[in-house]
Amino acid sequence: MSIDIETARRVAKLARIKVEDEDLPALAGEFNTILGFIEQLNEVDIDGVEPMTSVTPMRLKRREDVVTSGGMQDKILSNAPDAREGFFAVPKVVE
Amino acid sequence: MTDLNALTIAEARDLLRKGETTSVALTEACLGAIEGAGVLNAFVHNTPELALEQARAADARLAGGDAPAMCGIPLGIKDLFCTKGVPSQAASAILNGFKPEYESTVTQNLFDAGAVMLGKLNMDEFAMGSSNETSTYGNVVNPWRRGNDETPLTPGGSSGGSASAVAADLCLAATGTDTGGSIRQPAAFVGITGLKPTYGRCSRWGIVAFASSLDQAGPMTKTVRDAAIMLGAMAGHDPMDSTSADLPVPDFEAMLTGDIRGKTIGIPKEYRMDGMPDEIETLWAEGRAMLEDAGAKIVDISLPHTKYALPAYYVIAPAEASSNLARYDGVRYGHRAKLSQGDGITEMYEKTRAEGFGAEVKRRVMIGTYVLSAGFYDAYYNRARRVRALIKRDFDEVFAQGVDAILTPATPSAAFGLGEMTDADPVQMYLNDVFTVTVNLAGLPGIAVPTGLDRQGLPLGLQLIGRPWEEGDLLNTAYALEAAAGFVSKPAKWW
């Protein structure tokens, strides 16, 4: 599997990371090195093996479906780059 | 008498309980050592006022007579732990200015036990790295040098600041976290003890997430006894982390008898790598002989899927990271890029993440995005999770055969020079974790213990891997290895 410049551009877009055009060839090269390393996994016989979902077998705990926390708007907004009138503020989303 | 900052936790505890020193005195000695060690770049946010306030409270508690073992002990805390009101950035520019409104469970547990926080420790950005060269705060320097050669060496990573600070006696011990080897590799590079507990032993709540199915916090200490004491204070069930184990935390220190007669230690043949330096080979053989002399039975074992651990890790960890790091979008905390006229919310995300993340973090987030993307999910991610199941099965089988612990090298080399790997491809750096990463994939406890020096005078360590939840037994085997190796070397102070 080889990653071309267009694939690298698409992955950057999916990851929401801006990558300048001139940096795409080097990025594609790095991806290919890493994916080449990962290709070794194709040698393993995985027939009949379930994908691991939990490394330590445990049952998730249950609890009453009730509100346990909340009412801390100030704390939640305290680290926001832009907070106004009790909300997170972002650039206009809908034209 | 030893300088107060050079004490072990156990020594300091005993002096505190006898009233022969105070937590304030210990804390001041560490703060002084930190001030004189700026060149190591280990501490990146100092909290002297908080430390002294905690130390005074600890002294009052000690005077009351029922103080736990960690009471009054000055620690460094890895920057990955959220600490209330104190910058917690995971060594990333994207969390510039972030001051958590809450405390991580592990640091809260330590504070409840009376421990003192001296400040936050440098690390690789989001714990992604093996040399502490990806931090927004700059490189950490290893206090060890190759004899008289002044080349600055890496302390390893990602818990490089923790490793450097403990080895240089800037604190009595430090917290670390380990996703693929980030406690054990740096511990080995600086000649200290580093323990990664069983997955689920310590709560992950309030620790900035990298790869949630692999991340685990643990102690980085000067001795095995200290690791036992500190783990006891860090561990415990936490309803805030659904993967935290609801199991009792034993008195790990009480399990340190040094008696390993009749224990079975496995030596896995797959850990003998091509091109492994003969010094590592010799170190490993010496460790085997030490455990045998102590009365353990040594058996050769096979863990056939070892070779596939690193490639599986480099699918699973980036996949989880791409999901975990999606939250850094410039909306709720940290950095937001300056926007140009007409930029919308997508440009805000893209520019913020491009500016805020370093090169290695971007690379891993994008690899993770790729392996999870439509059409590749089965070929990469699901295949890696199935290989992971086989890696765990390898361990299950040898434990079922009666093996109590497994002895391996901790790292494939001693500490290398900062910058030496800059031109290598990313995979070369990943090979640092070749001996440690299997343990994370299988969720097991693993400990690095310093056992020797190489020809250039740099420390080398061995790793012991234990059965799940049997940190006490693992620590006892490590204690026997530590006693047999008699490693007491310290870096010569040049800073």
Item to check | Qualifying positions in the range B:263-303 - closer than 29 Å to B:Gln428 by Cβ and hydroxyl-bearing (Ser, Thr, Tyr) | outcome: B:Tyr271, B:Thr282, B:Ser302
Checklist entry - Which of the residues spanning the range B:90-121 are in contact (Cβ under 8 Å) with a residue 60 or more places away in the chain, open to solvent by 10 Å² or more (accessible area, probe 1.4 Å) and touching an Asp or Glu at 6+ places or on another chain (Cβ under 8 Å)? => result B:Ala93, B:Thr105
Item to check | When residues of the range B:347-365 are limited to those that are more than 7 Å from chain A (Cβ to nearest Cβ) and assigned to a helix (DSSP H, G or I), the one farthest from B:Gln89 (Cα to Cα) | outcome: B:Glu347
Next on the checklist: Among the residues that make up the range B:412-421, is at least one of them in contact with a Lys or Arg (Cβ under 9 Å, 6 or more places away or on another chain), more than 9 Å from chain A (Cβ to nearest Cβ) and of a type in the set (Phe, Trp, Tyr)?
Outcome noted: no
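Pick from B:Asn476, B:Asn432: which is more than 10 Å from chain A (Cβ to nearest Cβ) and modelled with pLDDT under 95? First the steps, then the outcome.
Working: B:Asn476 fails: modelled with pLDDT under 95.
Only one candidate qualifies: B:Asn432.
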Checklist entry - Only one residue in B:Thr154, B:Thr136 is open to solvent by 20 Å² or more (accessible area, probe 1.4 Å) and either touching a Lys or Arg at 6+ places or on another chain (Cβ under 9 Å) or over 29 Å from B:Ala480 (Cβ atoms) (or both), so which one is that? => result B:Thr136
Checklist entry - Any residue at all in the range B:207-220 that is closer than 24 Å to B:Leu291 by Cα, more than 14 Å from chain A (Cβ to nearest Cβ) and of a type outside the set (Lys, Arg)? => result yes
Checklist outcome for this item: Checked the range B:55-79 for anything buried (at least 23 other Cβ atoms within 10 Å of the Cβ), of a type outside the set (Val, Ile, Thr) and touching a residue at least 60 places away in the same chain (Cβ under 8 Å); matches are B:Ala55, B:Ala69, B:Met70, B:Gly72, B:Pro74, B:Leu75, B:Gly76, B:Lys78, B:Asp79
Checklist entry - In the range B:80-89, what residues are buried (at least 24 other Cβ atoms within 10 Å of the Cβ) and of a type in the set (Gly, Ala, Ser)? => result B:Ser88
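Restricting to the range B:386-411, what's the tally of residues that are of a type in the set (Gly, Ala, Ser) and without any contact (Cβ under 8 Å) to a residue 40 or more places away in the chain?
First, the residues of the range B:386-411 that are of a type in the set (Gly, Ala, Ser): B:389, B:400, B:402, B:405, B:410.
Going one step further and asking which of them are without any contact (Cβ under 8 Å) to a residue 40 or more places away in the chain, we end up with B:389, B:400.
Result for the range B:386-411: 2.
Within the group B:Glu470, B:Glu482, which residue is within 14 Å of another protein chain (Cβ to nearest Cβ), out of contact with any His (no Cβ under 8 Å at 6 or more places or on another chain), of a type in the set (D, E, K, R) and buried (at least 17 other Cβ atoms within 10 Å of the Cβ)?
On the way: B:Glu482 fails: within 14 Å of another protein chain (Cβ to nearest Cβ).
Testing whether each residue is within 14 Å of another protein chain (Cβ to nearest Cβ), out of contact with any His (no Cβ under 8 Å at 6 or more places or on another chain), of a type in the set (D, E, K, R) and buried (at least 17 other Cβ atoms within 10 Å of the Cβ) leaves just B:Glu470.
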Checklist outcome for this item: Over the range B:336-362, the set of residues surrounded by 20 or more Cβ atoms within 10 Å (Cβ to Cβ) and touching a Pro at 6+ places or on another chain (Cβ under 8 Å) is B:Arg336, B:Met348
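Would you mind stating whether B:Pro318 is assigned to a helix (DSSP H, G or I) and either out of contact with any Leu (no Cβ under 8 Å at 6 or more places or on another chain) or at the interface with chain A (Cβ under 8 Å from one of its Cβ atoms) (or both)? Before you say what the answer is, go through the steps one by one.
Numbers: assigned to a helix (DSSP H, G or I): yes; either out of contact with any Leu (no Cβ under 8 Å at 6 or more places or on another chain) or at the interface with chain A (Cβ under 8 Å from one of its Cβ atoms) (or both): yes.
Yes: the conditions hold for B:Pro318.
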Item to check | Qualifying residues in the range B:17-45 (those that are under 15 Å from B:Cys71 (Cβ atoms) and small (Gly, Ala, Ser)) - the one surrounded by the fewest Cβ atoms within 10 Å (Cβ to Cβ) | outcome: B:Gly19
Item to check | Index of the failed condition, B:Ala309 passing every other in (1) more than 7 Å from every other protein chain (Cβ to nearest Cβ); (2) surrounded by fewer than 23 Cβ atoms within 10 Å (Cβ to Cβ) | outcome: (2)
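The values are calculated or read from the model by the stated rules, or taken from the named source; none is laboratory data. Bear in mind that the values here come from a model prediction, so they are computed numbers and not experimental data. No Cβ is skipped: glycine too gets one built from the backbone with ideal geometry, and neighbour counts run over all protein chains shown. The protein model used for the area step is the full one, side chains on, heavy atoms only, and it has no ligands, DNA or RNA in it. Shrake-Rupley method; radii C 1.70, N 1.55, O 1.52, S 1.80 Å.
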